[in-house]
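Beneath this line is the structure, given in structure tokens, with notes to follow.
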Amino acid sequence: MISPGVKRNLRRAYELMRARFGHLHWWPGETPFEVCVGAILTQNTAWTNVERAIANLKAARVLEPKKLFALPESKLAELIHPAGYFNVKARRLRSFLRVLLLEFGGDLKRLFAGETSVVRARLLAVNGIGPETADSLLLYAGGHHSFVVDAYTKRIFQRHNWSLASQVHSPKPAGDYDKLKLLCQAALNQKAHAARLDYWQDYHAQLVMVGKHFCRTRAPRCDQCPLQPLLPKN
Ligand code: SF4
């Protein structure tokens, strides 16, 4: 059971953020494949660096599964250099591409086909893809209802005392990431199936906006933040 207060606050939080920022139309990417590449490259780096790496891949005309996989790992690392941790990310991209090409014929629709939990497990089995990346792929490239939790989400929820996720029933023992994800999914389920995808996509984007511009690690700017009315009163 989620406390009605937390559920109400989570829904109200979206209204407040949306009123401030408008619909954010995330995630940048011209194709689902570009979204996948971006989601893997964005680990531990700012999106502007990912954009530069993707621009390099486009300029080299290799932003498609077969061509990208055909590149030697060192050349791939060179092209994605602006995204940082380029050797690790080149390996991770190649792991993803290997599964996509060898198990699903290079067809993202086939990779994303099936129950969300099954596809999620499939993605988590790829070397270097953790829960946040898997959920970004599912939500923004695969059209699956899978809420994304990131460091901003954790910080905002903690500061507002919304991290009551352990109260949410889970069929399996869940770690902190999954608890928060289940909390969001259970609390933010009021919209019809089709509208919920856009809602969850935009909800995560709005939290990133708040996290980046207001809810900083040190000296949060609560007085200017759209979520200020929802701060705990103590
Ligand atoms: S900046 Fe303050 S009001 Fe905004 S989300 Fe963080 S803790 Fe809440």
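One chain, two ends: C222 and R110. Fully extended at 0.36 nm per residue, the span grows by 35.9 nm beyond their Cα-Cα distance.
Over the chain, accessible surface divided per residue gives 51 Å², non-protein components excluded, 1.4 Å probe. Taking other residues whose beta carbon is less than 15 angstrom from the beta carbon of R155, and scoring Lys, Arg as +1 and Asp, Glu as -1, yields +3. Global dimensions of the range 1-106 from alpha-carbon coordinates: Rg and Dmax equal 17.9, 54 Å.
Here the accessible area of the chain is 52 percent carbon and sulfur, with a 1.4 angstrom probe and all protein chains present. Each label point was placed 7 Å from the Cα along the Cα-to-Cβ direction; for Q190 and L124 their separation is 2.9 nm. Taking every DSSP helix (H) stretch of at least 4 residues in the chain, weighting each as -39,500 (n - 2.57) and dividing the sum by the residue count yields a mean residue ellipticity at 222 nm of -17500 deg cm²/dmol.
Per-residue 3J(HN,Hα) values for the range 99-116, derived from phi via the Karplus relation 6.51 cos²θ - 1.76 cosθ + 1.60 with θ = phi - 60°, read 5, 4, 7, 7, 9, 10, x, x, 9, 4, 4, 5, 4, 8, 6, x, 4, 4 Hz in sequence order (x marks Gly and Pro).
Shape summary: the chain maps onto an equivalent ellipsoid whose semi-axes, from the alpha-carbon gyration tensor, are 32, 20, 15 Å in decreasing order.
Looking only at P220, P82, P131, which one moves most when the chain is put into a Gaussian network model with springs between Cα atoms under 10 Å? Ranking P220, P82, P131 by mean-square fluctuation puts P220 first. Taking a cut-off of 30 Å between Cα atoms, list the lysines near K181, but don't count ones fewer than 8 places away on the same chain. Partners found: K7, K89, K109, K154, K172, K191, K212, K233.
For the chain, relative contact order (Cα pairs under 8 Å, six or more residues apart, normalised by length) works out to 25 percent.
The values are calculated or read from the model by the stated rules, or taken from the named source; none is laboratory data. All of these numbers come straight from a predicted model, not from anything done at the bench. Note: ideal-geometry Cβ built from the backbone for every residue, glycine included; neighbour counts use all protein chains shown. Only protein heavy atoms, including side chains, enter the accessible area calculation; ligands, DNA and RNA are left aside. Shrake-Rupley method; radii C 1.70, N 1.55, O 1.52, S 1.80 Å.
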